[in-house]
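The values are calculated or read from the model by the stated rules, or taken from the named source; none is laboratory data. Just so it is clear, the model here is predicted, and its values are computed rather than measured. When we count neighbours, we look across all protein chains shown, and the Cβ atoms used for this are built from the backbone with ideal geometry, even at glycine. Note: areas computed on protein heavy atoms with side chains; ligands, DNA, RNA excluded. Shrake-Rupley method; radii C 1.70, N 1.55, O 1.52, S 1.80 Å.
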Amino acid sequence: MPSYRELLSQVRAEIEEITASEARDLHASEAAPLFLDVRERDEWEEGHIPGAVFVPRGTLEGRIEALVPDRTRELVVYCAGGSRSAFATKSLEELGYTSVRNLIGGFTDWKRSGFDIATPRTLSPDQRARYSRHLLIPEVGEAGQHKLLDARVLLIGAGGLGSPASLYLAAAGVGTLGIVDDDIVDDSNLQRQIVHSTDRLGEPKVLSAKRTIEALNPDVQVEAYQERLTSENIERILADSWDVIVDGADNFPTRYLVNDASVWHGIPVVHGSIYRFEGQATVFEPYAGPCYRCLFPQPPPPELAPSCAEGGVLGVLPGIIGSIQANEALKLILDTGDTLTGRLLLFDALGATFDEVSVKRDPACPVCGEHPTITEYVDYVEFCQAPRGVVS
C-alpha cells in the first residue's frame, strides 16, 4: 500500500500545476481563471487570493457542480501548501472538469511572493447559524449575506403589504429597514396586517412594526418615520440613502409621489397593490424599464378605485403580494435573477392563477421619458382628485 507521500507524488504527476508567479499573471489578465480555495474556514478568514471562491475540501465534490456548472471553465485550485489542492484537482478532473491546475506552494507561496491578498468580512457564529440556509445557496452565500446586512430598504406603509414584506426582509437579514406611516393600529387592521397584534391597539404602526421586527432579528435596525409621506418631507427621508423602496401605498397620490421621487433619485421601487381577491406586483427600475407613470399615465376617477377600507380585501392576499415584493427587493439587493422590471404580475386569489403583462417604457412619459415635462413635485392630491390618504 503506498504511503501518503507516494500517493501525493503520483497524483501530482497526473495533474497540471502552476507556479505562484504564473497564477498571478493569469489572475491579472482579462480572461482570468476562477480560483478555488479548498482550505478550511479559519484559513480563508485569515486571507485569500482576491476573487477566489471558498469551497472547503470536504464539501468540494458535493458543491462544485452548483458553483461551477461549466466544466470547461478554467480553474486554479489552491490550499495552504499545494497538497490538499492537488488531490482536489485530481478529483475535479475525474468529475469532468477539463481545465484545472493546482497552485504549487499554495497560498503560502502566493503570500510569500508579496502578491495581493484579501481579508474577508466574516459573519459571527450566531449569524452563521441564523443565515445558514442562505449560505448554502451559490447565488447568496456569505458575500450575498453581507450585501443584505449592508442594505437599506425603505417601506412605504406598515400595513397589509408592508407587514409581510418587512417581516421577510428582516428575517433575511436586510440590515436597515425604514418605515413611513402616520397611522395607528386599529382592530380592523389585524385581519391582514400581521406585523401588529391585539396588544398594540392604539399604538403607532411604525413603532409596533419596529418592536416586532427587532424582536425577530436583532441584526436589523428600524428607522421609523411616524409621518405621512408628502412632497414636503420626501426629500428629507430619501436623503437617508435607500437602496430599494417597497411601495405599499393604498392611494394614488402617494404612488405618484413615490414614483417621481424614485426616478429623480435613481432608486428602484417594488410596487404592489391589492383589492378584494386580486393583487399585482412589479418593479419600477429607473431608466432600465417603465415607471409608474408609464403604466398609469392618469389615475382613475376615485369612484372607480375604492380602497380596501371601502371594498374589502381577503386577509391572505396582502401576504402573498407582500412576500413577492420582498422577493423582488432581495433580488435587487443581491443583483441576481430576473426581476419584475417591465413585467406586471397579476394574481387572482379565487382562481389561484398568475398572469403576466409586459410593460414598456413610454418615451413620452412626463417623468422618465426623453423630454420630461414634470421635473419637480406637484400637488399630487389635486392631480389625482382624491381625498388625502395615507397607507395601509
Counted residues in segment 95-113 being under 36 Å from the mean Cα position of the chain (by Cα) and either assigned to a loop (DSSP other than H, G, I, E, B) or surrounded by fewer than 19 Cβ atoms within 10 Å (Cβ to Cβ) (or both) come to 7
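Looking at segment 331-356 only, could you name the residues that are touching a strand residue (DSSP E or B) at 6+ places or on another chain (Cβ under 9 Å), of a type in the set (A, V, I, L, M) and either under 21 Å from Tyr287 (Cα atoms) or open to solvent by 60 Å² or more (accessible area, probe 1.4 Å) (or both)?
Correct list: Leu332, Ile333, Leu340, Leu344, Leu345, Leu350.
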Single unsatisfied condition, Gly47 versus (1) of a type outside the set (D, E, K, R); (2) open to solvent by 10 Å² or more (accessible area, probe 1.4 Å); (3) within 24 Å of His146 (Cα to Cα) = (2)
Among (1) part of a helix (DSSP H, G or I); (2) within 29 Å of Pro120 (Cβ to Cβ), where does Arg39 come up short?
-> (1)
Going through segment 173-207 one residue at a time, which ones are in contact with a Pro (Cβ under 9 Å, 6 or more places away or on another chain), open to solvent by 70 Å² or more (accessible area, probe 1.4 Å) and over 29 Å from Arg128 (Cα atoms)?
-> Ile184
Have a look at Ser124, Ser163, Ser132 and point out the one that is polar (S, T, N, Q) and within 29 Å of Ile184 (Cα to Cα).
-> Ser163
Return yes when Ser166 is within 30 Å of Asp338 (Cβ to Cβ) and modelled with pLDDT of 95 or more and no when it is not.
-> yes
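Looking at Leu155, Leu169, Leu149, can you tell me which residue is within 28 Å of Ala224 (Cα to Cα) and open to solvent by 20 Å² or more (accessible area, probe 1.4 Å)?
So the residue among Leu155, Leu169, Leu149 that is within 28 Å of Ala224 (Cα to Cα) and open to solvent by 20 Å² or more (accessible area, probe 1.4 Å) is Leu149.
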Could you list, in sequence order, all residues of segment 220-250 that are part of a strand (DSSP E or B) and farther than 25 Å from Ile321 by Cβ?
-> Gln221
Selected residue (criterion: nearest to the chain's Cα centre (by Cα)) from residues of segment 43-63 that are on the phi < 0 side of the Ramachandran plot and of a type in the set (Gly, Ala, Ser) = Ala52
Residue, least open to solvent (accessible area, probe 1.4 Å), within segment 1-26, restricted to residues that are touching a residue at least 60 places away in the same chain (Cβ under 8 Å) and not in a helix (DSSP H, G or I) = Ile18
Total residues in segment 251-284, condition surrounded by fewer than 24 Cβ atoms within 10 Å (Cβ to Cβ) and either polar (S, T, N, Q) or assigned to a loop (DSSP other than H, G, I, E, B) (or both) = 7
Determine, yes or no, whether Pro297 is modelled with pLDDT under 95, within 13 Å of Cys368 (Cα to Cα), over 22 Å from the mean Cα position of the chain (by Cα) and surrounded by fewer than 18 Cβ atoms within 10 Å (Cβ to Cβ).
-> yes
Restricted to segment 237-250 and to residues being over 18 Å from Asp150 (Cβ atoms) and open to solvent by 20 Å² or more (accessible area, probe 1.4 Å), the residue nearest to the chain's Cα centre (by Cα) is Ala239
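Would a scan of segment 210-217 turn up a residue that is among the aliphatic types (A, V, I, L, M), surrounded by 20 or more Cβ atoms within 10 Å (Cβ to Cβ) and on the phi < 0 side of the Ramachandran plot?
Within segment 210-217 (the criterion being among the aliphatic types (A, V, I, L, M), surrounded by 20 or more Cβ atoms within 10 Å (Cβ to Cβ) and on the phi < 0 side of the Ramachandran plot), the answer is yes, since at least one residue qualifies.
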For residues in segment 64-81 being outside any strand (DSSP E or B) and over 28 Å from the mean Cα position of the chain (by Cα), which is nearest to Ala143 (Cα to Cα)?
-> Cys79
Qualifying position, being surrounded by 15 or more Cβ atoms within 10 Å (Cβ to Cβ), in contact with a Gly (Cβ under 6 Å, 6 or more places away or on another chain) and either among the charged types (D, E, K, R) or at pLDDT below 95 (or both), among Val359, Val391 | Val391
Has segment 54-70 got at least one residue that is among the β-branched types (Val, Ile, Thr), buried (at least 17 other Cβ atoms within 10 Å of the Cβ) and either out of contact with any Leu (no Cβ under 8 Å at 6 or more places or on another chain) or within 23 Å of Ser113 (Cβ to Cβ) (or both)?
-> no
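Might you let me know whether segment 129-141 holds any residue that is among the polar types (S, T, N, Q) and in contact (Cβ under 8 Å) with a residue 24 or more places away in the chain?
Scanning segment 129-141 turns up no residue that is among the polar types (S, T, N, Q) and in contact (Cβ under 8 Å) with a residue 24 or more places away in the chain.
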Go through segment 118-139 and give me each residue that's hydrophobic (A, V, I, L, M, F, W, C), open to solvent by 20 Å² or more (accessible area, probe 1.4 Å) and either closer than 26 Å to Ser241 by Cβ or touching a Pro at 6+ places or on another chain (Cβ under 7 Å) (or both).
-> Ala118
Conditions: (1) open to solvent by 50 Å² or more (accessible area, probe 1.4 Å); (2) over 15 Å from the mean Cα position of the chain (by Cα); (3) of a type in the set (A, V, I, L, M). Ala143 meets all but one. Number of the miss?
-> (2)
